[in-house]
Amino acid sequence: MSRWPTRDEAERILGDWVSNKNLKKHAWAVEAAMRSYAVKFGADPEKWGAVGLLHDFDYEKYPDLKDHPFKGVEWLKEQGFADELTDGILAHTDHANITRDTELKKVIYAVDELTGLVVAVALTRPSKKLADVTVESVMKKWKEKSFAAGVDRQMIERGAAELGVPLQEHVETVLKAMQGIAYRLGL
């Protein structure tokens, strides 16, 4: 029988697999964005949050794209976790070649990279606080291709389009979700 991890269990898995504090913060940011979208779309925030929390849990041990996220997904399946969870994790990246045919899969794909851009914008503020970040400030930095150059803006745009959400609204949803856990992110 397949199952979903509780929030505490997902947090334990993350803690067992990840020691890098910034990777943990990224997982929490994506979890918050996933929960926010789950509420917006009338889905289960616990399930969607688990996908966000665990989407990169194997990255520290398996950073090579031939292994990530496949090794982690394989481990989760061995533990009896639901295909919906593991398929959601696979959907966060193009190289897994999974069809994003559910809102959950579309959301994880759309929010993953955007959380990194929002953090980068926060770190440019004198306060280094998410409270001082606005949709406008994110969109201004969006246009600077040299800023946070590792963030795949096309992936974010594609994800928002797949969701049918205008880019600025997408940024606002993710930003607000992250601002709600700013204390946890140290921002």
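The values are calculated or read from the model by the stated rules, or taken from the named source; none is laboratory data. Please read these numbers as outputs of a predicted model, since none were measured by experiment. Ideal geometry is used to build each Cβ from the backbone, glycine not excepted, and the neighbour counts take in all protein chains shown.
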Report task. Select, from VAL171, VAL121, the only residue that is over 16 Å from the mean Cα position of the chain (by Cα) and at pLDDT 95 or above. Result -> VAL121
Query - Out of THR86, THR99, sole residue that is surrounded by fewer than 24 Cβ atoms within 10 Å (Cβ to Cβ), among the hydroxyl-bearing types (Ser, Thr, Tyr), at pLDDT 95 or above and assigned to a helix (DSSP H, G or I) - result: THR86
Query raised in the report: Does LYS66 satisfy being closer than 18 Å to ARG184 by Cβ, free of Cβ contacts under 8 Å to residues at least 12 places away in the same chain and of a type outside the set (Ser, Thr, Tyr)?
Result: no
Query raised in the report: Which condition breaks for VAL121 when tested against (1) under 18 Å from THR173 (Cβ atoms); (2) surrounded by fewer than 22 Cβ atoms within 10 Å (Cβ to Cβ)?
Result: (2)
Requested in this report: Name every residue in the range 149-168 that is in a loop (DSSP other than H, G, I, E, B) and within 17 Å of the chain's Cα centre (by Cα), in order of residue number.
Outcome: GLY150, VAL151, ASP152, VAL165
Query - Residues of the range 2-12 classified as buried (at least 18 other Cβ atoms within 10 Å of the Cβ) and either within 14 Å of the chain's Cα centre (by Cα) or without any contact (Cβ under 8 Å) to a residue 60 or more places away in the chain (or both), total - result: 2
Query raised in the report: Got at least one residue in the range 36-43 being of a type in the set (S, T, N, Q), buried (at least 20 other Cβ atoms within 10 Å of the Cβ) and within 13 Å of the chain's Cα centre (by Cα)?
Result: yes
Query raised in the report: How many residues does the range 83-102 contain that are in contact with a Leu (Cβ under 9 Å, 6 or more places away or on another chain) and of a type outside the set (Ser, Thr, Tyr)?
Result: 10
